[in-house]
Amino acid sequence: MDKSLDNTVIKLAEADNVGIATELTGLQVGAILNDGTRVIQKIPMGHKVAIVPIGKGDKIIRYGQIIGFADKAIKAGELVHDSLISLPAPPDLQSIPLPDALVPEYTPLEGYTFMGYRNPDGSVGTKNVLGISTSVQCVAGFTNFIERKISQELLPGFPNVDGVVALNHSYGCGVAINVPAAIIPIRTLRNIAANPNFGGEVLVVGLGCEKLQPERLISQDNNASSNIFNMQDESLHGFEKMVEGIVGLAETHLEKLNERKREVCPVSDLVVGMQCGGSDSFSGITSNPAAGFAADLIVRAGGSVMFSEVTEVRDAVHLLIPRTTGPDVGNAMLEQMKWYDDYLERGQADRTANPSPGNKRGGLSNIVEKALGSIAKSGTSPIVDVLGPGEKIRRKGLTFAATPASDFICGTLQLAAGMNMHVFMTGRGTPYGLSMVPVIKVGSNSKLSRRWFDLIDMDAGRIASGEMTIEESGWELFHLILEVASGNKQVATDRLGLYNDLVIFDPGPAT
């Protein structure tokens with residue numbers, strides 16, 4: 001990161017012809033940068049200022065990459081607003097060369113551990129939670145009732161259990177259950193129930209008449225009679241009998257969960273999901289690079305990290321394919337990009353639907369600029385695998401888990417992939433949280449982090465102010481991940497009980 005222009009402007013690469021205003025008050029008209037550029041238009045914090053004259057049709061460059069073309073001549077010192085920028089064509093997927101096979105090489109990181117809950121299948125939880133999965137949205141009112149009842153009446157007797165979670169969703173009936181696209185929501189729900197933080201104790205509540213039968217959500221080696229409860233069971237007479245039945249099943253699961261104890265686990269047992277939402281122009285300068293540095297540390301320690309959000313990768317995929325460990329992984333990533341291109345086209349949408357109005361107010365002009373900052377959270381490690389939506393993580397190292405960019409859908413799919421820790425970067429601010437895994441919230445700018453002091457867990461904005469380096473921030477985040485994973489530190493979303501609903505990605509038709 002180059003701040004040679006001025007302490008109030010960040011230039012990210014030598015080739016850049018725009019800089020980012022860092023001060024809370026932005027850049028005022030008449031300010032003179034160290035290179036002699038005179039600011040001729042107010043530049044809000046996080047927005048771009050032209051540091052050289054840019055002719056009509058000329059490239060606008062940030063991160064050393066083309067983020068667009070000027071629709072009119074832009075003077076040095078002028079605000080480079082999204083209204084002045086034409087979007088470049090996306091990378092041609094067919095013309096991106098696939099890499100040769102490579103063996104990842106990095107210096108191992110040893111001696112770091114956390115306290116986790118080891119499961120019989122070898123996975124490790126960072127929470128100890130009773131999950132009540134559902135096969136259809138119809139039972140959501142019932143599962144919410146049961147969640148409250150168990151939390152108030154049973155949990156005090158099981159001190160080692162962190163909580164109970166109703167895994168409600170909007171799928172299960174009124175859908176074309178046998179079409180090819182149905183595999184995505186079905187495997188998503190099945191894999192969420194197998195998340196390490198549930199300890200293998202699967203409890204599924206069904207109605208009885210739904211298309212998605214509960215048996216499809218548990219593995220064949222689980223005893224259905226002790227794990228599935230159907231509200232339409234004819235032996236149940238009245239609501240109270242239903243409540244008694246499900247509470248009895250839940251108590252059996254709670255007894256098993258209560259026997260779990262934290263033990264020393266290597267970092268190689270971590271599965272960390274990296275995600276960003278409510279991004280701003282600082283996200284690609286501070287929080288995402290810090291997360292990327294921490295991701296590299298986890299990979300070096302033998303752990304697993306995933307990054308996602310297809311639309312926020314698509315315009316930078318040409319920078320990621322060379323990092324894949326071979327043509328099979330590279331081709332798998334290109335196939336996920338192509339699948340999503342086709343999905344958007346069928347819905348008569350395109351990549352211009354991203355970014356959001358808030359992203360633009362935070363200085364992000366278009367999806368190209370957003371994607372270039374988004375991929376920074378992947379760090380520099382080789383990409384060892386690519387997952388389709390709802391698939392479970394298969395390999396240690398850095399994985400691309402294909403998901404939509406929607407915060408809620410992405411988080412749901414990363415849960416299904418098996419993450420036991422979540423790191424979420426934000427520049428505009430969001431109360432996003434998940435009850436199933438700890439969510440560390442990292443602020444990209446100090447203005448937000450100070451204003452939301454009790455919602456943001458770590459301030460990466462100190463990178464922009466020069467108080468710390470990306471490396472120092474990355475190490476701080478790495479240690480914070482270990483502390484939270486061990487239960488030694490509570491994240492804001494858990495302390496405040498701020499949790500989002502699951503949102504299932506269902507590209508199939510409703511009937």
* To do: Set the Förster distance to 30 Å, then compute FRET efficiency between residue 258 and residue 496 from the Cβ-Cβ distance, nearest 0.05.
  => 0.75
* Asked: Among rounded, prolate and oblate, which fits the range 187-316 when a ≥ b ≥ c are the square roots of the eigenvalues of its C-alpha gyration tensor, a/c under 1.5 means rounded, and a/b larger than b/c means prolate?
  -> prolate
* Asked: Dipole of the range 117-258 (Lys/Arg Cβ +1, Asp/Glu Cβ -1, origin at the Cα centre): which of 135, 213, 189 lies farthest to the positive side?
  -> 189
* Between the DSSP loop rule and a limit of at most 14 other Cβ atoms within 10 Å, which GluC sites (Glu not before Pro) in the range 1-94 are left? -> 14
* **Where trypsin sites (Lys or Arg not before Pro) in DSSP loops with at most 10 other Cβ within 10 Å are excluded, longest remaining stretch of the chain** => 262-511
* Structure fact -> Row for the range 117-258, column shape: gyration tensor on C-alpha, a ≥ b ≥ c, rounded if a/c < 1.5 i.e. under 1.5, prolate if a/b over b/c, else oblate; value oblate
* 222 nm mean residue ellipticity, helices alone, for the chain (DSSP H n ≥ 4; -39,500 (n - 2.57); rounded to 500) -> -8000 deg cm²/dmol
* Roughly how many debye, to the nearest 20, is the charge dipole of the chain about its Cα centre, given +1 on each Lys and Arg Cβ, -1 on each Asp and Glu Cβ, and no other charges? -> 920 debye
* **the range 319-469, dipole about Cα centre (Lys/Arg Cβ +1, Asp/Glu Cβ -1), debye to the nearest 20** => 400 debye
* Before anything else, pin down the relative contact order of the range 72-206: Cα pairs under 8 Å, at least 6 apart, normalised by residue count, whole percent. => 31 percent
* To do: List the relative contact order of the chain as a percent without decimals, with contacts defined as Cα pairs under 8 Å and 6+ residues apart.
  => 18 percent
* Asked: Taking a quarter of the surface of the convex hull around the Cα atoms of the chain, what do you get in nm²?
  -> 24.1 nm²
* To do: Figure the gain on full extension for residue 66 and residue 170 (residue separation times 0.36 nm, minus the Cα-Cα span) and round it to one decimal in nm.
  => 33.4 nm
* Asked: For the pair residue 103 and residue 34, what calculated FRET efficiency results from E = 1/(1 + (r/R0)^6), where r is the Cβ-Cβ distance and R0 = 35 Å, to the nearest 0.05?
  -> 0.20
* Structure fact -> Among GluC sites (Glu not before Pro) in the range 211-286, those in a DSSP loop whose Cβ has at most 14 other Cβ atoms within 10 Å are 234, 259
* Rounded, prolate or oblate: pick one for the range 335-463, where a ≥ b ≥ c are the square roots of the eigenvalues of its C-alpha gyration tensor, a/c under 1.5 means rounded, and failing that, prolate if a/b is larger than b/c, else oblate. => oblate
* Asked: Can you sort 426, 107, 469 so the residue with the fewest Cβ neighbours within 10 Å comes first?
  -> 107, 469, 426
* To do: Can you tell me how much longer the chain between residue 467 and residue 486 gets when fully stretched, taken as 0.36 nm per residue apart minus their C-alpha distance, in nm with one decimal?
  => 4.0 nm
* **Förster radius 41 Å - calculated FRET efficiency between residue 152 and residue 353, Cβ distance, rounded to 0.05** => 0.45
* Asked: Going by how many other Cβ atoms sit within 10 Å of their own, how do 325, 252, 493 line up, fewest first?
  -> 252, 325, 493
* To do: Using only the alpha carbons, work out the radius of gyration and Dmax of the range 275-496 in angstrom.
  => 16.2, 48
* Asked: What is the order of 207, 364, fewest Cβ neighbours within 10 Å to most?
  -> 207, 364
* **Full-extension gain in nm, residue 13 to residue 239, via 0.36 nm per residue minus C-alpha separation** => 74.9 nm
* Structure fact -> Of all GluC sites (Glu not before Pro) in the range 411-503, the ones in DSSP coil with at most 12 other Cβ atoms within 10 Å are 467
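Coordinate-derived values only; no laboratory data. Because the structure is predicted, anything quoted here is derived from the model rather than measured. Reconstructed Cβ throughout: ideal geometry from the backbone, glycine too, with neighbour counts over all protein chains shown.
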